[in-house]
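A short reminder: the numbers here are calculations on the coordinates, not readings from a lab. Bear in mind that the values here come from a model prediction, so they are computed numbers and not experimental data. Methodologically, a virtual Cβ is constructed for each residue, glycine included, from the backbone with ideal geometry; neighbour enumeration extends over all protein chains shown.
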Protein chains: 2
Amino acid sequence: MEVKVVKKVLSVNDTMAHQNRKYFSDKKVFVLNMMSSPGSGKTSILEKTVGRLLPEINSAIIVGDICTTNDADRLAKTGVPVIQICTDDFGGDCHLAAHIVGNAASDLDLDGVQLLIVENVGNLVCPAEFDIGEDARVVVLSVTEGEDKPLKYPLMFRVCDAALLNKTDLLPYLDFDREAVINNIRQIHSDMPVFEVSAKTQDGFPAWILWLKKQVEKKVG
Amino acid sequence: MEVKVVKKVLSVNDTMAHQNRKYFSDKKVFVLNMMSSPGSGKTSILEKTVGRLLPEINSAIIVGDICTTNDADRLAKTGVPVIQICTDDFGGDCHLAAHIVGNAASDLDLDGVQLLIVENVGNLVCPAEFDIGEDARVVVLSVTEGEDKPLKYPLMFRVCDAALLNKTDLLPYLDFDREAVINNIRQIHSDMPVFEVSAKTQDGFPAWILWLKKQVEKKVG
């Protein structure tokens, strides 16, 4: 009984994701779903990313949290259009569902926008299960979270198209095995690109920006 | 329809939690539910905690992950009985449900054990919604996760009885506002004890251990 209902909810979500995908395709917008644990640095990465995509790529951002508009307030300072979704209004959802993203997107003026980034709710489990109509998914893992996370949360690393290994500026102060985490990612997703970055120092950003630009250009020319 | 089913699932969970609570009470065991984001340091804290509770308090541990037995392997080295739950066998659940904890507990010999610690799945959202029959709940927040997390994930901080602010050894290398995070916790849960600790250096452990011992002794004498 329970499984049946869960399947039904997922199938409703898939239908809405399909509608979103068509809408984004008509608008010629590439959609990136960015996911991670709480505090891995998604917002900090985006603060440093959107400016570097200019002038070729104009971005817009939808940011999901259970509560607060902190992230939208921070991201608005970059000058890109930002919409904050607070899932507390929908029962405190632990992920962004397709219909919520679709509603938020319809409030954004996407003319002249080539890239819509959806910063999902901080959660390394549930968001991986919900298609939102995106073109690509990236997972952010902070080096402070430990090398074993790809093996412990395999679905997230399986469904994503690239991984960002953030906060590399802290490596001198951690017992963190860089090679081990990359091996663990490869065990789950053998050909996944891994970008080692520091949102603080912007080390490693050129490779990440180049990859992202290529993804967007493949869709929207 | 969806809400009705979710309520039904939660109510089944509450019934099982009630059964667990009776079982633990009969066994004179205090049960602590430990929750956090992935990689906040729950396992490291427990590695340093169980030895410090001896000789007054003997512990056992149930540890929940989606995949791997990494944490149980680490915790077994402390000499306490440990059982690993992999929720991948139950559809990759993002939290520990009461019946799963009850099953695992029935496999543990709790004679002579005063404290059962349940290390929940790394997730700052969903585990807060599921009663497992525990006597107390603690949330671990790493200083690398940022000051705003109590405001963004209020349910977790509302339902917990104490907070551990971990990885304080990294403070010199972070732009982290200690007072802000404590103010944010107090906004959600005004009288919550906050223990600032480093699992690496064991700074701050005496106050945490003292609090934990008092909780256990209140129940089991």
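So here's what we get for this one:
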{"read-out": "Net charge contributed by nearby residues that have their C-beta within less than 10 Å of B:Phe205 (K/R +1, D/E -1)", "value": "+1"}
{"read-out": "Pairwise centroid distance, computed over Cα atoms, of the range B:157-220 with the range A:114-182, Å", "value": "26"}
{"read-out": "The protein assembly as shown: translational diffusion in µm²/s, Stokes-Einstein, Kirkwood Rh over Cα pairs, 37 °C, 0.692 mPa s", "value": "146"}
{"read-out": "Tensor-based shape of the range A:161-201 (alpha-carbon gyration tensor, a/c under 1.5 rounded, otherwise prolate or oblate)", "value": "oblate"}
{"read-out": "Listed residues B:Lys200, B:Lys27, B:Lys77, most fluctuating in chain B (Gaussian network, C-alpha, under 10 Å)", "value": "B:Lys77"}
{"read-out": "Directionally averaged shadow of the range B:144-221, computed from the convex hull of its alpha-carbon atoms, nm²", "value": "5.6"}
{"read-out": "Taking all pairs of distinct alpha-carbon atoms in chain B, Kirkwood radius in angstrom", "value": "17.6"}
{"read-out": "Reciprocal of mean inverse Cα separation for the range B:49-145 (Kirkwood radius, Å)", "value": "14.1"}
{"read-out": "Isotropic mean projected area of the C-alpha convex hull, the range B:100-155 (nm²)", "value": "4.9"}
{"read-out": "Net charge of neighbours whose Cβ lies under 15 Å from the Cβ of A:Thr168, counting Lys and Arg as +1 and Asp and Glu as -1", "value": "-4"}
{"read-out": "For A:Val118, distant residues with modelled amide H under 5 Å away", "value": "A:Leu32, A:Asn33, A:Met34, A:Ile62"}
{"read-out": "Estimated 222 nm signal from helices in chain A, with DSSP H stretches of n ≥ 4 weighted -39500 (n - 2.57), rounded to 500", "value": "-11500 deg cm²/dmol"}
{"read-out": "Contour minus Cα-Cα distance for A:Thr15 and A:Asp175 (0.36 nm per residue)", "value": "53.1 nm"}
{"read-out": "Chain B - percent relative contact order, Cα under 8 Å, separation 6 or more", "value": "25"}
